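Engineer: Pasting a structure below so you can have a look.
Since every read-out is calculated from the coordinates, none of them should be taken as a lab result. As the structure is a prediction and not an experimental result, all values here were calculated from the model. Cβ atoms come from the backbone with ideal geometry, glycine included; neighbour counts cover every protein chain shown.
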Amino acid sequence: MRRAVLALLAVLLLLVFTGCSKTCKVKGCDNEVHEDGYCTYHYVLNGLEEAANTAGDFLGDLFG
């Protein structure tokens, strides 16, 4: 029982330290988090990349 409690505590501490970053998750970027772990700049870039991929998939299905 004691071993299980210690293991649970260790997992919870690990989650707290890895999940509560206040900086962008892009390597080398120290800007403050805006949304989804990205700063404003990288959040927009990520959204544009996803939109371009979706459009490419749609056009590929349409003309492919």
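Engineer: With a point put 7 Å past each Cα toward its Cβ, work out how far residue 12 is from residue 30 in nm, to one decimal.
Structural biologist: About 3.3 nm separates the two model spin labels.
Engineer: In nanometres, what is the gap between the two model label sites at residue 41 and residue 23, each 7 Å from Cα along Cα-to-Cβ?
Structural biologist: Spacing of the two 7 Å Cα→Cβ label points: 1.4 nm.
Engineer: Rounding to the nearest 10 and keeping the result within 0 to 90°, find how far the Cα-based axis of helix 2-19 lies from the longest principal axis of the chain.
Structural biologist: The angle comes out at about 40 degrees.
Engineer: HN-Hα J couplings of segment 51-58 from phi, Karplus 6.51/-1.76/1.60, θ = phi - 60°, integer Hz, Gly and Pro as x?
Structural biologist: Running phi through 6.51 cos²θ - 1.76 cosθ + 1.60 with θ = phi - 60° gives 5, 5, 5, 5, 5, x, 5, 4 Hz.
Engineer: Can I ask one more? For a quick check: with amide H placed at 1.01 Å from N, whose amide H comes under 5 Å from residue 38's, ignoring anything fewer than 5 positions away on the same chain?
Structural biologist: Excluding prolines and chain starts, which carry no amide H, the hits are 25.
Engineer: Still on this structure, please answer the following. In nanometres, what is the gap between the two model label sites at residue 52 and residue 5, each 7 Å from Cα along Cα-to-Cβ?
Structural biologist: 5.4 nm
Engineer: Please list, ordered by chain and number, the residues whose modelled amide H lies under 5 Å from the amide H of residue 31; skip anything fewer than 5 residues away on the same chain.
Structural biologist: Amide H neighbours of residue 31: 24.
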